[in-house]
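The values are calculated or read from the model by the stated rules, or taken from the named source; none is laboratory data. Since the model is a prediction, treat every value here as computed from it, not as a measurement. Glycine gets a Cβ as well: all are built from the backbone with ideal geometry, and neighbour counts include every protein chain shown. Accessible surface is based on the protein model in full, side chains and every heavy atom, while ligands, DNA and RNA are left aside. Shrake-Rupley method; radii C 1.70, N 1.55, O 1.52, S 1.80 Å.
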Amino acid sequence: MYAALWRVLPGPVAVRLALLLLLAAVVVVVCFAWVFPTIAPLLPINDPDVQAP
Amino acid sequence: MLGELLVTAGALVLLFALWQFWWTDVVADAAADDRVAALQESFALEAPDSPDADLAAPSTAPDDATAEPEGTQGTPDSADRDSDPGPGESQAPPSGSDLALVHLPTIGELRPVSQGVDLAILNLGVLGHYPSSDLPGEVGNFAVAGHRTTYGAPLWAIGELRTGDPVVVETARGWFVYAMDRTEIILPSQTEVIAPVPGEPGEDPTEAWMVMTPCHPKFSAEQRIAAFARLERFVPRTDGAPTEIGG
């Protein structure tokens, strides 16, 4: 998987590394901003109010 | 291939833990601090001795999520101040707006109280006022929810509060000084703790109470810890901050 990604990326090693870092940063931002806030309420650790069952 | 997928999945889980247990605190603490500053500013402007007291509260909110603190515009009355704390603001504030500040000097917390207990509100690092419960200082029960862990964890150290510790609720009119009475471990379904007489739904209240209901134990939603405090006295804004919060 990652070997294929490495082959697809263009340019010399330095450019490929920079592109990989950029891709990783995009993944982190997407997760922090959208994915994690969506799935967090499904976990049983965060529900601080009392309510009728 | 399979190995790479599994390693990737593991890294994403670790990334989620980092987000949940670190990043949500960073974001929520910053948002809550902004709201505290905006509230303090509007309280100062609305103070009874201020020439601006009649003006509408300025929208100093730093973001869209912070509605104008309508609920803080209660007209100050000159009711007897020593024995009777006087009625709190009687009009329900709009959902999501800030209505008070809660000082927990023993554990070093200062948080805004917003109207409503939806996760969308509580995740802002604020305390959420149960809309069905009473307002600060009112005879009855001023009930708030808040995160014990993550999202700023406003009530992280609630277990360290001891009987007699001050809980100071600040509104535009002044400071309602509550004193911690007790904590109880309850089930999430035990809504009687937010009844006007805490623990006794249906009874008519004669005292002013406050209850906070964060999760228990930490990092679990299995139970709640209900912390009850009873109103001791009211300090009008013109008298300056009470000694409990360094006034």
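Data overview
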quantity: B:Pro105, sole failed condition from (1) open to solvent by 30 Å² or more (accessible area, probe 1.4 Å); (2) over 22 Å from B:Trp19 (Cβ atoms); (3) modelled with pLDDT under 95; calculated: (3)
quantity: Residue that is nearest to the chain's Cα centre (by Cα) [pool: residues in segment B:204-224 that are open to solvent by less than 10 Å² (accessible area, probe 1.4 Å) and within 13 Å of chain A (Cβ to nearest Cβ)]; calculated: B:Met212
